[in-house]
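Undergrad: Sending over a structure as structure tokens; questions will come in a sec.
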Amino acid sequence: MMNATELQQVRSTPLFSELNDDQLGCIEPGEVIEMLAGSVLVSEGEKLPFFFLILEGEVRLSRTYDRQSILMGVMRAGNFTGETTLLLDVPWLSTARISKPARLFRLSQENFWRMMSACPSVAQNIFRTAINKMRNLEGYSLQREKLVSLGTMAAGLAHELNNPAAAAQRAAAHLQQTTEKVQSLLCHLTRTLNHAHMEELVGVSNDALKRPAPVLEHLERSDRAEAIATWLESRNVANAWEVAPTFVSAGLDLAWLEELAANFPATSYPEMFGWLEARLNLKSLLQQVEQSSGRIAELVKAIRSYSYMDQSPMQEIDIHEGIENTLTILNHKLKSVHVVRAFDRSAPRIMAYGSELNQVWTNLIDNAIHAVNGTGKICVGTSVEDDQLVVEIMDNGSGIPAKVQPHLFEPFFTTKPVGTGTGLGLVISNRIVGDRHGGEIEFESKPGETRFKVRLPLIRKSSS
């Protein structure tokens with residue numbers, strides 16, 4: 001465990017600088033280690049399940065390529081490494097050697113995932129850095145099989161995490177202001193209202209908090225807010241036009257407000273209605289934080305399931321779970337796409353390399369999204385034919401030109417613009433399905449309809 005000085009040093013780094021006191025649990029399980037110049041932190045191909053952050057010193061990363069050791073980068077204070085290994089559950093892609101005496105923050109795999117789930121700002125930063133690192137590795141052709149999937153996955157999650165993280169951040173900022181407002185107005189009310197009035201006001205506010213939120217059309221909501229704002233203004237309530245929408249969202253109407261006002265002195269209206277609005281708003285903000293945190297937790301759960309973390313590579317899987325996780329990962333690209341699911345839920349579970357098949361679904365669905373330019377229709381279906389489980393992905397794009405079709409499974413062949421396609425996706429997918437699972441990929445295409453079928457044996461033949 002770290003002492004107070006070490007904890008403060010870790011917290012002061014750019015990666016963790018935005019953590020508040022309540023989030024320190026993200027990093028407290030870690031430890032600070034020291035290493036001498038010339039020592040090797042980890043070797044390429046080694047399975048070392050740790051995340052490292054450089055506090056002091058220098059670390060050089062190198063990778064063997066065509067029997068040559070190539071310098072991949074130099075890490076200094078504030079830089080981190082190990083995230084790609086943990087995200088992908090693969091051996092280290094490079095050798096890390098201490099070039100200057102170093103102090104490093106080290107976090108185990110279990111605590112790394114706990115940090116990713118509990119600290120959205122840190123998770124975003126790590127995903128963003130992972131994307132940049134993967135771009136630098138694109139020249140290593142088939143050695144980067146899983147990096148292709150992580151590129152799509154990390155880009156999608158970085159995008160998907162942005163909305164709930166930003167919403168949670170805004171709500172958290174407003175929470176502090178609103179809490180202070182509630183406390184200030186309550187202090188004032190306790191000086192101006194008698195005990196009986198205070199008890200009644202607290203009871204009424206508790207009832208208001210329990211009211212179900214009404215379902216209103218935009219015009220009706222606007223009309224109600226205008227009527228309530230006018231009513232509040234006539235009673236000297238400050239910021240009436242900002243207060244009114246909160247009352248409408250809580251299901252309070254003029255009749256309810258008038259009944260409340262009748263039981264209290266008019267001089268208390270500004271503070272009373274201001275306090276009531278602040279308390280209702282506090283509930284709304286807490287719900288926003290809860291919803292945002294829930295969405296972030298859902299995304300982290302999806303990535304863990306997508307990569308089959310903490311599970312053996314070959315295992316009995318439900319093919320639909322992997323497809324659904326892939327659709328979650330690619331959700332940012334599917335906003336304007338009509339996705340149709342045609343699943344045969346009676347299809348049996350099969351023995352397979354789950355994370356590798358998810359790479360196949362990611363590649364095929366991503367290709368379909370590209371084919372429909374992000375605005376068409378994609379159908380994902382499953383069925384059982386003979387002794388095979390069939391996954392079919394269909395899109396209504398312009399189709400694959402006849403002269404292109406014979407080259408689809410050739411390495412480095414791509415129809416995507418320069419910089420957006422590696423020409424390896426279908427090659428890798430075909431190898432995963434054929435070599436790793438004894439299955440096959442087939443396709444047919446014409447203008448307006450392209451179908452890819454992945455056939456997987458229901459029962460795997462024992463290999464020698």
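Undergrad: Select from THR5, SER17, LEU41 the residue farthest towards the positive end of the dipole of region 1-96; place +1 on Cβ of Lys and Arg, -1 on Cβ of Asp and Glu, and compute about the Cα centre.
TA: After comparing all options, I get LEU41.
Undergrad: Does region 191-272 classify as rounded, prolate or oblate by the C-alpha gyration tensor (a ≥ b ≥ c root eigenvalues; a/c under 1.5 gives rounded; else a/b over b/c gives prolate, otherwise oblate)?
TA: oblate
Undergrad: Going by average Cβ neighbours within 10 Å, how do the peptides 442-451, 367-376 rank, with the highest at the top?
TA: Ranked by mean Cβ neighbours within 10 Å, highest first: 367-376, 442-451.
Undergrad: Provide the per-residue ³J(HN,Hα) series for region 210-219, in order, calculated from phi with Karplus coefficients 6.51, -1.76, 1.60 and θ = phi - 60°, each as a whole number of Hz, with x at glycine and proline positions.
TA: 8, 5, x, 5, x, 9, 10, 5, 4, 5
Undergrad: With θ taken as phi - 60° and the coefficients 6.51, -1.76 and 1.60, list the Karplus ³J(HN,Hα) couplings across region 33-49 in order, rounded to whole Hz; mark glycine and proline as x.
TA: Computed from phi, the couplings for region 33-49 are 10, 10, 9, 7, 4, x, 7, 9, 6, 7, 9, 4, x, 7, 9, 10, x Hz.
Undergrad: Please turn the phi angles of region 375-392 into ³J(HN,Hα) values with the Karplus equation 6.51 cos²θ - 1.76 cosθ + 1.60 (θ = phi - 60°), one per residue in order, whole Hz, x for glycine and proline.
TA: 9, x, 10, 10, 10, 10, x, 10, 7, 10, 10, 6, 10, 10, 8, 10, 10, 10
Undergrad: Let me ask something else about it. Among LEU71, TRP92, PHE50, whose Cα lies farthest out toward the positive end of the dipole of region 1-103, if unit charges sit on the beta carbon of Lys, Arg (+1) and Asp, Glu (-1)?
TA: LEU71
Undergrad: Starting from the amide H of MET72, placed 1.01 Å from N in the peptide plane, find each other amide H under 5 Å away whose residue is 5 or more places distant or on another chain.
TA: Counting only residues 5 or more places away or on other chains, the set is LEU61, SER62, ARG63.
Undergrad: Using a 1.4 Å probe, what is the accessible area per residue for region 1-41, in Å²?
TA: Counting only protein heavy atoms, the per-residue value for region 1-41 is 59 Å².
Undergrad: Let me check against my output: what whole-number percent is the relative contact order of region 7-80, with C-alpha pairs under 8 Å and at least 6 apart?
TA: The normalised contact order for region 7-80 reaches 27 percent.
The values are calculated or read from the model by the stated rules, or taken from the named source; none is laboratory data. Only a predicted model underlies this, so the values are computations on that prediction, with no experimental measurement involved. Positions of Cβ are backbone-derived with ideal geometry, glycine not excepted, and every protein chain shown enters the neighbour counts. The accessibility values were calculated without ligands, DNA or RNA, using every heavy atom of the protein model including side chains. Shrake-Rupley method; radii C 1.70, N 1.55, O 1.52, S 1.80 Å.
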